[in-house]
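The block underneath contains the structure these notes are about, expressed in structure tokens.
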Ligand code: 13P
Ligand code: 13P
Ligand code: MG
Ligand code: MG
Ligand code: MG
């Protein structure tokens with residue numbers, strides 16, 4: 001039987017501000033999933049968090065987008081929301097944008113990455129879990145993992161990777177995807193995914209045999225809700241070794257703490273900091289944005305792990321650089337490029353500010369002849 005690894009996540013409330021879930025929330029979600037495991041719906045599962053986002057990592061044989069699995073995740077998030085309300089945690093039920101579940105959590109708020117696989121002789125997989133950022137945050141590392149030989153030696157050395165990979169890029173505004181091949185269409189690919197707020201690397205296939213190697217959650221909450229409801233805080237699944245990038249090649253792509261959108265109020269650029277589970281909680285300016293990497297081996301659907309892969313001195317210099325960048329960016333205060341650009345601010349308070357000032361904008365020539373300063377302040381010059 002094919003095994004499906006489903007990573008479904010949501011923020012349903014946090015201790016303190018947007019810091020991390022309360023242990024009782026994780027326990028409530030765990031209870032729901034362990035009942036499903038007893039009934040045989042799940043083969044295995046693991047519940048954890050990054051920042052304030054609860055992560056459900058599940059294996060089963062139902063395939064992606066299955067109503068039973070999505071319904072189960074929905075129930076687990078509802079249970080954790082109930083705890084959040086009871087404890088008066090902050091933003092209880094934050095990412096559950098709908099009251100009614102209708103067979104699939106996509107479009108309802110939770111983020112979803114699901115990968116169906118024929119288990120190989122050894123099946124090493126890494127799940128990535130990010131907080132205070134958006135799905136496009138994975139664009140740069142995905143490119144480096146699967147298309148950049150300066151990151152991934154295997155692209156040059158391993159005959160099974162030599163033909164390259166195919167990227168599915170999803171346009172979140174149009175709801176359409178395009179398949180682009182690397183290395184031959186690398187520049188087209190980069191032209192798109194360099195705009196990570198719009199074009200998101202959604203899936204990566206090995207060209208040789210179309211094996212699905214990586215999946216990223218593409219849900220963008222603000223676009224779903226039409227207003228600001230926190231950041232998407234995406235997840236990704238990447239398979240490793242044996243004709244795919246090695247675990248170390250996959251992790252190498254995170255050794256450079258690139259700037260991503262998110263952080264405070266989802267409205268600022270900051271460095272993506274690779275962290276261990278111990279530091280999977282956010283503080284400074286509600287961040288900085290961070291990513292957790294969990295290593296697994298899947299054996300007949302059982303989840304062997306996790307290995308807390310960024311819990312290593314090898315990433316200390318990355319973190320040090322990231323914190324310097326965080327300091328540098330913070331000093332810009334409310335100025336771009338620390339604050340996001342106007343297109344991205346559309347879902348926050350910017351439209352409201354513009355609406356309020358609408359009548360107070362005058363043509364430059366008029367400014368010269370405006371009689372009194374007070375007229376400009378009141379907008380009465382119209
Ligand atoms: P080993 O010889 O330790 O298996 O290493 C192979 C490899 O994939 C290193 O990247
Ligand atoms: P989250 O999406 O992690 O809840 O972040 C919300 C926020 O506004 C942080 O400042
Ligand atoms: Mg939150
Ligand atoms: Mg979050
Ligand atoms: Mg969020």
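The values are calculated or read from the model by the stated rules, or taken from the named source; none is laboratory data. Quantities reported herein were computed from a predicted structural model and do not represent experimental measurements. Cβ coordinates were reconstructed from backbone atoms using ideal geometry, including for glycine residues, and neighbour counts include every protein chain displayed.
Could you check, for the stretch 62-69, whether at least one of its residues is closer than 28 Å to residue 283 by Cβ and either within 16 Å of ligand 5 (Cβ to nearest atom) or in contact with a helix residue (DSSP H, G or I) (Cβ under 7 Å, 6 or more places away or on another chain) (or both)?
Scanning the stretch 62-69, I find no residue that is closer than 28 Å to residue 283 by Cβ and either within 16 Å of ligand 5 (Cβ to nearest atom) or in contact with a helix residue (DSSP H, G or I) (Cβ under 7 Å, 6 or more places away or on another chain) (or both), so the answer is no.
Going by the structure shown, is residue 268 closer than 25 Å to residue 221 by Cα and surrounded by fewer than 20 Cβ atoms within 10 Å (Cβ to Cβ)?
On the way: closer than 25 Å to residue 221 by Cα: yes; surrounded by fewer than 20 Cβ atoms within 10 Å (Cβ to Cβ): no.
Judged against the criteria, residue 268 is not a match.
Condition first: under 20 Å from the mean Cα position of the chain (by Cα), at pLDDT 95 or above and crowded, with 18+ Cβ neighbours inside 10 Å. Now tell me which residues in the stretch 97-129 satisfy that.
110, 111, 112, 113, 114, 115, 125, 126, 127, 128, 129 - these are the residues of the stretch 97-129 that are under 20 Å from the mean Cα position of the chain (by Cα), at pLDDT 95 or above and crowded, with 18+ Cβ neighbours inside 10 Å.
Looking only at the stretch 361-382, which residues are in a loop (DSSP other than H, G, I, E, B) and at pLDDT below 70?
370, 371, 372, 381, 382
Within 16 Å of ligand 1 (Cβ to nearest atom), free of Cβ contacts under 8 Å to residues at least 40 places away in the same chain and more than 13 Å from residue 142 (Cα to Cα): which single residue out of 243, 248 fits that description?
248
Could you go through the stretch 195-217 and let me know if any residue there is within 16 Å of ligand 2 (Cβ to nearest atom), surrounded by 15 or more Cβ atoms within 10 Å (Cβ to Cβ) and farther than 27 Å from residue 299 by Cβ.
Residues of the stretch 195-217 within 16 Å of ligand 2 (Cβ to nearest atom): 197, 217.
Of the ones still in play, those that are also surrounded by 15 or more Cβ atoms within 10 Å (Cβ to Cβ) are 197, 217.
Now restrict to residues that are farther than 27 Å from residue 299 by Cβ: 197.
Taking every residue of the stretch 195-217 in turn, at least one turns out to be within 16 Å of ligand 2 (Cβ to nearest atom), surrounded by 15 or more Cβ atoms within 10 Å (Cβ to Cβ) and farther than 27 Å from residue 299 by Cβ.
Taking the stretch 265-286 as the search range and keeping residues that are in contact with a helix residue (DSSP H, G or I) (Cβ under 9 Å, 6 or more places away or on another chain) and free of Cβ contacts under 8 Å to residues at least 40 places away in the same chain, which one is farthest from ligand 1 (Cβ to nearest atom)? Quick ask: steps written out before the conclusion?
Within the stretch 265-286, the first condition is being in contact with a helix residue (DSSP H, G or I) (Cβ under 9 Å, 6 or more places away or on another chain), and the residues that meet it are 266-276, 279, 284-286.
Still in the list and also free of Cβ contacts under 8 Å to residues at least 40 places away in the same chain: 276, 279.
Values: 276: 22, 279: 26 Å.
Across the stretch 265-286, the extreme among qualifying residues is 279.
Residues checked against (1) within 16 Å of ligand 1 (Cβ to nearest atom); (2) in contact (Cβ under 8 Å) with a residue 60 or more places away in the chain:
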residue	(1), (2)
123	yes, yes
154	yes, yes
159	yes, no
180	no, no
210	no, no
221	no, yes
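What strands (runs of 3 or more DSSP E) lie completely within the stretch 206-289 and have 2 or more residues being within 19 Å of residue 307 (Cα to Cα) and away from ligand 3 (no atom under 16 Å from the Cβ)?
Output list reads 235-239, 273-275.
Residue by residue through the stretch 76-104, note down the ones that are within 16 Å of ligand 4 (Cβ to nearest atom), farther than 22 Å from residue 226 by Cα and not in a helix (DSSP H, G or I).
89 - this is the single residue of the stretch 76-104 that is within 16 Å of ligand 4 (Cβ to nearest atom), farther than 22 Å from residue 226 by Cα and not in a helix (DSSP H, G or I).
Among the residues of the stretch 146-168, write down those that are assigned to a helix (DSSP H, G or I) and in contact with a strand residue (DSSP E or B) (Cβ under 7 Å, 6 or more places away or on another chain).
146, 147
Can you find even one residue in the stretch 136-143 that is within 29 Å of residue 197 (Cβ to Cβ), free of Cβ contacts under 8 Å to residues at least 60 places away in the same chain and either within 16 Å of ligand 4 (Cβ to nearest atom) or surrounded by 24 or more Cβ atoms within 10 Å (Cβ to Cβ) (or both)?
For the stretch 136-143, residues within 29 Å of residue 197 (Cβ to Cβ), free of Cβ contacts under 8 Å to residues at least 60 places away in the same chain and either within 16 Å of ligand 4 (Cβ to nearest atom) or surrounded by 24 or more Cβ atoms within 10 Å (Cβ to Cβ) (or both): absent.
Among the residues of the stretch 304-360, write down those that are surrounded by fewer than 11 Cβ atoms within 10 Å (Cβ to Cβ) and assigned to a loop (DSSP other than H, G, I, E, B).
Matches in the stretch 304-360: 331, 333, 334, 335.
Would you confirm whether or not the stretch 35-44 contains a residue that is surrounded by fewer than 24 Cβ atoms within 10 Å (Cβ to Cβ), touching a residue at least 40 places away in the same chain (Cβ under 8 Å) and not in a helix (DSSP H, G or I)?
Within the stretch 35-44, one or more residues are surrounded by fewer than 24 Cβ atoms within 10 Å (Cβ to Cβ), touching a residue at least 40 places away in the same chain (Cβ under 8 Å) and not in a helix (DSSP H, G or I).
Within the stretch 220-240, take every residue that is more than 10 Å from ligand 5 (Cβ to nearest atom) and in contact with a strand residue (DSSP E or B) (Cβ under 6 Å, 6 or more places away or on another chain) and give me the one that is nearest to residue 95 (Cα to Cα).
235
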